[in-house]
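A short worksheet on the structure shown next.
The values are calculated or read from the model by the stated rules, or taken from the named source; none is laboratory data. The shown structure was predicted, so the numbers you read here are calculated from the model rather than taken from an experiment. Glycine gets a Cβ as well: all are built from the backbone with ideal geometry, and neighbour counts include every protein chain shown.
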């Protein structure tokens, strides 16, 4: 069997932060370079001089263009427009120069600012976009906004985006449901994100602790999780809830007080450097997100042998959890339903044990070896046809 060795370029905003995109890019870049012996380069625009947060193989080259689009966050609107146009022109110029120099077989974009021009760079590479959020929340325009100008801009922006996406050689989304969300496109493939690691040891499920991991943000529904916990925590005085994430937790600390929750058993922590350890030290994982791109943390919890409960939000959880086998899906944002399922799982240790065993087994489909094979098949199809 002939194994092709490809030259791959990833275009991503940054590697220094703790986000899901940064983690997935690092995992795949490492695997392609170390295991498949590919020539791999990551081209970033942010965080020049900052080390990668996730481990990165020395065989993966990193080129940081130092454009600092993040500077726009702190500027008034009139300056943002000017600076954005200036930085975007430079980005196109620099990225074009690098791709013409490297001459990759495949260029993979995480569909950020380069989507506006990447298909017009004639470096000979196949252009692949991978989307890590669902369509509804891509750029997160507010659906209920009554501002007519904003609504018009959102429609024009989406029309322009779809035009660019059609020009890609392939667009990769994470779930079948998300593939259906793009009926205008006929170039969409589904490849899930891979697990970062598969731990050798599972949770013993003997610690009376419910865990959740995410960010302190509206998307993650921390407020909904606290509302659900408030309904059941007094029934289980030996159990605690712990949340790990980054961001401003001040409003949620206040919510704990307002709901009368025992703060000694409801802990809001910062980000953890060893999420697998914290998962293995817990007995139940709960995802309360309003929406997800995929929800990889669910698969990570399952890989640690944890039973899982999640809102059946768009998109991801419904394609990760096998209902009634390794966890439960609750109608989106249904706090009463979430509380009921959490209570039922807490009260039934034999059920937790059975679900946990099934979760560990079912999570194997997200191992990097299997996910990488799907990417290799895509590369072979694009480059050799």
> When you look at residue 9, is it without any contact (Cβ under 8 Å) to a residue 60 or more places away in the chain, crowded, with 21+ Cβ neighbours inside 10 Å and either not assigned by TED's automatic domain parsing to the domain that holds residue 110 or not in a helix (DSSP H, G or I) (or both), yes or no?
Replying inline: no
>> Checking residue 104 against (1) in contact (Cβ under 8 Å) with a residue 24 or more places away in the chain; (2) within 28 Å of residue 376 (Cβ to Cβ); (3) not in a loop (DSSP other than H, G, I, E, B): exactly one of these is not met. Which one?
In response: (3)
> Just a yes or no: is a residue in segment 314-329 outside the structural domain of residue 180 (by TED's automatic domain parsing), within 30 Å of residue 38 (Cα to Cα) and buried (at least 24 other Cβ atoms within 10 Å of the Cβ)?
Replying inline: yes
> Within segment 71-82, can one find any residue that is under 18 Å from residue 19 (Cα atoms) and either in contact (Cβ under 8 Å) with a residue 12 or more places away in the chain or surrounded by fewer than 20 Cβ atoms within 10 Å (Cβ to Cβ) (or both)?
Replying inline: yes
>> Looking only at segment 53-73, count every residue that is at pLDDT below 95 and either assigned to a strand (DSSP E or B) or within 23 Å of residue 196 (Cβ to Cβ) (or both) and tell me the total.
In response: 3
> If you go through segment 47-57 one residue at a time, how many are out of contact with any helix residue (DSSP H, G or I) (no Cβ under 9 Å at 6 or more places or on another chain) and loosely packed, with under 13 Cβ neighbours inside 10 Å?
Replying inline: 2
> Which condition breaks for residue 258 when tested against (1) over 17 Å from the mean Cα position of the chain (by Cα); (2) touching a residue at least 24 places away in the same chain (Cβ under 8 Å)?
Replying inline: (2)
>> Looking at segment 27-36, can you tell me whether even one residue there is part of a helix (DSSP H, G or I), buried (at least 17 other Cβ atoms within 10 Å of the Cβ) and more than 21 Å from the chain's Cα centre (by Cα)?
In response: yes
> Is there a residue in segment 155-174 that is in contact with a strand residue (DSSP E or B) (Cβ under 6 Å, 6 or more places away or on another chain), surrounded by 20 or more Cβ atoms within 10 Å (Cβ to Cβ) and assigned to a loop (DSSP other than H, G, I, E, B)?
Replying inline: yes
> Are any of the residues in segment 141-160 under 25 Å from residue 309 (Cβ atoms) and either at pLDDT 95 or above or touching a helix residue (DSSP H, G or I) at 6+ places or on another chain (Cβ under 7 Å) (or both)?
Replying inline: no
> Going through segment 197-214 one residue at a time, which ones are buried (at least 19 other Cβ atoms within 10 Å of the Cβ) and either part of a loop (DSSP other than H, G, I, E, B) or without any contact (Cβ under 8 Å) to a residue 60 or more places away in the chain (or both)?
Replying inline: 203, 205
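The rows are residues; the columns are (1) in contact with a helix residue (DSSP H, G or I) (Cβ under 6 Å, 6 or more places away or on another chain); (2) within 22 Å of residue 234 (Cα to Cα).
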{"site": "273", "(1), (2)": "no, no"}
{"site": "285", "(1), (2)": "yes, yes"}
{"site": "305", "(1), (2)": "yes, no"}
{"site": "309", "(1), (2)": "yes, yes"}
{"site": "312", "(1), (2)": "yes, no"}
{"site": "324", "(1), (2)": "no, no"}
{"site": "335", "(1), (2)": "yes, yes"}
{"site": "340", "(1), (2)": "no, yes"}
{"site": "344", "(1), (2)": "no, yes"}
> Is at least one residue of segment 250-266 surrounded by 13 or more Cβ atoms within 10 Å (Cβ to Cβ), on the phi < 0 side of the Ramachandran plot and at pLDDT below 95?
Replying inline: no
> Any chance segment 231-248 includes a residue that's touching a residue at least 60 places away in the same chain (Cβ under 8 Å), farther than 20 Å from residue 352 by Cα and in a helix (DSSP H, G or I)?
Replying inline: yes
> Got a number for residues in segment 267-282 being part of a helix (DSSP H, G or I) and surrounded by 15 or more Cβ atoms within 10 Å (Cβ to Cβ)?
Replying inline: 5
